[in-house]
Amino acid sequence: MKRKHLYYIAFIAILLPVIFLLNSCKPDNDEIYYGKVILKFEHKIDDTAAVFNVMKYVNEAGNQYEISNIQWFISDLTFYKKGQTPFVVKKITNCHYIDSDLPSTQTWEIPDDIPEGIYDSMSFIFGFTPSENISFMFVNPPEDAMWWPENLGGGYHYMKMNGFWMDSVGFKRGFGFHLGIGRVINGTDTTLVHNYFKVNFKTPITLYTNKVKEITIAMHIDEWFKNPHKWDFNYWGPAIMNNEDAMRTAKENGEVGVFKIASIKDL
């Protein structure tokens, strides 16, 4: 009996390391691998790179115009994978400011590690949702210059687009195509209207482990003035930020074809 007991102990002593080795070689199916994303932003008119400060464009209403500069925000960048919870970039980094005069803002190196795999689509908010459009949350330039007047709802502009157009009598006039919170006034009652909107891209995006995916998003400026409403500067005038009818019209145009994915590539 003593000899059998010794044999049993020896067998266990040999078997345990083998079991440990096999388990250590077994793949962990629950392990998550990550990739990185860089967003690049560009501005186009008539499907080519926008030329600023030159009176060379004509919109659908027949207005000759030029663009001086554009500043805008996106927020709540989200990636969608079928059957899984959408991945939203961290709240601390969930918005980005783009400025046509500041090349550094036209690239967003997203710090979040994003799980690898095939994503069916991605989206962002143009501007901010009401809960995230908080007055004085930016204390440094250039973002702090995007403040929206407190008496008009506070928070920040979603976009400033500035430029000039030739009016009906041939006079060059400046315009501020500014989008943000609107107001509807009915007697003594004032209702705030949040003119943000979600932009959805249905293009599949595949992220690989420890690889960087560069996605270029183009704002097609001419689409702000095209569809479904023909934008006539002579009708809407030089400033729209306290004109909810004008901002709603601009928003509806923005939802249709302003934003498109220009390219997707691996770095």
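The values are calculated or read from the model by the stated rules, or taken from the named source; none is laboratory data. Note that the structure is predicted; figures quoted are calculated from it, not measured. Positions of Cβ are generated from backbone atoms using ideal geometry, with glycine treated the same way; all protein chains shown enter the neighbour counts.
Numbers at a glance
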quantity	calculated
Close pairs from the range 45-62: first in contact (Cβ under 8 Å) with a residue 12 or more places away in the chain and surrounded by 12 or more Cβ atoms within 10 Å (Cβ to Cβ), partner in a loop (DSSP other than H, G, I, E, B) and among the hydroxyl-bearing types (Ser, Thr, Tyr), Cβ under 7 Å, at least 6 apart	Phe52/Ser100
Conditions (1) surrounded by fewer than 13 Cβ atoms within 10 Å (Cβ to Cβ); (2) modelled with pLDDT of 95 or more; (3) assigned to a loop (DSSP other than H, G, I, E, B); number of the one not met by Phe128	(1)
Residue in the range 76-84 that is aliphatic (A, V, I, L, M) and part of a loop (DSSP other than H, G, I, E, B) present	no
Enumeration of residues in the range 241-255 that are over 16 Å from Gly153 (Cα atoms) and at pLDDT below 95	none
Condition check for Trp165: in a loop (DSSP other than H, G, I, E, B), under 29 Å from Val51 (Cβ atoms), touching a residue at least 12 places away in the same chain (Cβ under 8 Å) and hydrophobic (A, V, I, L, M, F, W, C)	no
